[in-house]
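Have a look at the structure below, then the notes.
The values are calculated or read from the model by the stated rules, or taken from the named source; none is laboratory data. Keep in mind it's a predicted model, so treat the numbers as computed, not measured. Backbone-built Cβ (ideal geometry, glycine too); neighbour counts: all protein chains shown. Just so you know, the surface numbers come from the protein's heavy atoms only, side chains and all, with ligands and any DNA or RNA stripped out. Shrake-Rupley method; radii C 1.70, N 1.55, O 1.52, S 1.80 Å.
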Amino acid sequence: SLPETPPPRSELGLPDQAFVYACFNRTDKWSPDLFTCWLEILQAVPNAVLWLADFGSEISQTLRHKAQSAGVDPDRLIFLAKRSQVEFISVCRQADLFLDTFLYNGGATSVCAVQAGVPLLTCPGETFASRMGLSICHAAALESFVCESLASYQEQAIYWGTHLEELHQFTEQWHQQREQLPLFQPAIWVKALETQLMTLWQTK
């Protein structure tokens, strides 16, 4: 089931009517090109904001300065203070779409986002760390949110940001099947892993 009702957007510093893109991954998982991509997404979706984790005032000020230099209102970058895991999952529900990072994807953070009922947009690379988002999306029936390139990632993010009603229709349908999806059936996954390990042991 979905987490408890989150606090209203106003208490989180979010505009009530904005499209909320969110990424709470550590800043060392970003690249300058990705942050430029995010700013271009904001430029293309005027009513959108970018919701990030707060890793200190110095980082926040630097990111806001870079946004302003790119012609994006720095107030459209909003920062979330650290929360407990239960609070975090609940708060995530106020986002509309989660944006994954490269070259190092979100792991537990992305699982929390999906557990909160928010789709994850990702673009896999060639390494394990850059393909976690792909695995999460595959296990959560979000294959259509896996992009083949940064350009495709940007295009799809802009599309959803300008088609909120369509996104809401998707998430409503997705929520109805979430409890039956592999990501939310850990006991079945553990049993399958045990079976594979026993097979390997018996045939070694």
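Quick notes on this one:
- Compared with the direct C-alpha span, the chain from Phe170 to Glu155 gains 3.6 nm at full extension, assuming 0.36 nm per residue.
- Backbone phi angles across region 144-156, fed through the Karplus curve with coefficients 6.51, -1.76 and 1.60 (θ = phi - 60°), yield HN-Hα couplings of 5, 9, 9, 9, 8, 7, 4, 5, 5, 4, 5, 4, 5 Hz in residue order; Gly and Pro are listed as x.
- Amide H contacts under 5 Å for Phe55, placed H, 5+ residues apart: Ser60
- In region 96-166 the Cα-Cα distances spread across 10 Å bins starting at 0 as 22, 57, 19, 1 percent of all pairs.
- Label zone (Ser69, point 7 Å along Cα-to-C-beta; backbone nitrogen cut-off 19 Å) within region 29-52: 29-43.
- In order along region 16-27, the Karplus-derived 3J(HN,Hα) couplings, from 6.51 cos²θ - 1.76 cosθ + 1.60 at θ = phi - 60°, round to 4, 9, 7, 7, 9, 7, 10, 8, 10, 6, 4, 5 Hz, and Gly and Pro are given as x.
- Where Lys82, Lys66, Lys29 fall by accessible area, highest first, once all protein chains stay in place (1.4 Å): Lys82, Lys66, Lys29
- Evaluated at q = 0.17 Å⁻¹: base-10 log I(q)/I(0), Debye formula over Cα of the chain: -1.20
- Of the residues Ala22, Gln177, Ala139, the one whose Cα sits farthest toward the positive end of the charge dipole of the chain, with +1 on the Cβ of Lys and Arg and -1 on the Cβ of Asp and Glu, is Ala139.
- In Å, descending, principal axis extents of the Cα set of region 1-46: 35, 25, 20
- Entry note, the chain: relative contact order of 20 percent, from Cα contacts under 8 Å with a spacing of 6+ residues.
- Value at 222 nm in deg cm²/dmol, rounded to 500, when DSSP H runs of n ≥ 4 in the chain each add -39,500 (n - 2.57): -14000 deg cm²/dmol
- Put a plus charge on the Cβ of each Lys and Arg, a minus charge on the Cβ of each Asp and Glu, and nothing anywhere else: the dipole of the chain about its Cα centre is then about 580 debye.
- Along its three principal directions, the equivalent ellipsoid of region 39-143 from the Cα gyration tensor extends over semi-axes of 24, 17, 14 Å, largest first.
- Per-residue ³J(HN,Hα) for region 59-73, Karplus 6.51 cos²θ - 1.76 cosθ + 1.60, θ = phi - 60°, Hz, x for Gly and Pro: 5, 4, 5, 5, 5, 5, 5, 5, 5, 4, 5, 8, x, 10, 4
- 5 angstrom amide H check on Phe19, placed H, neighbours 5+ away: Ala48, Val49
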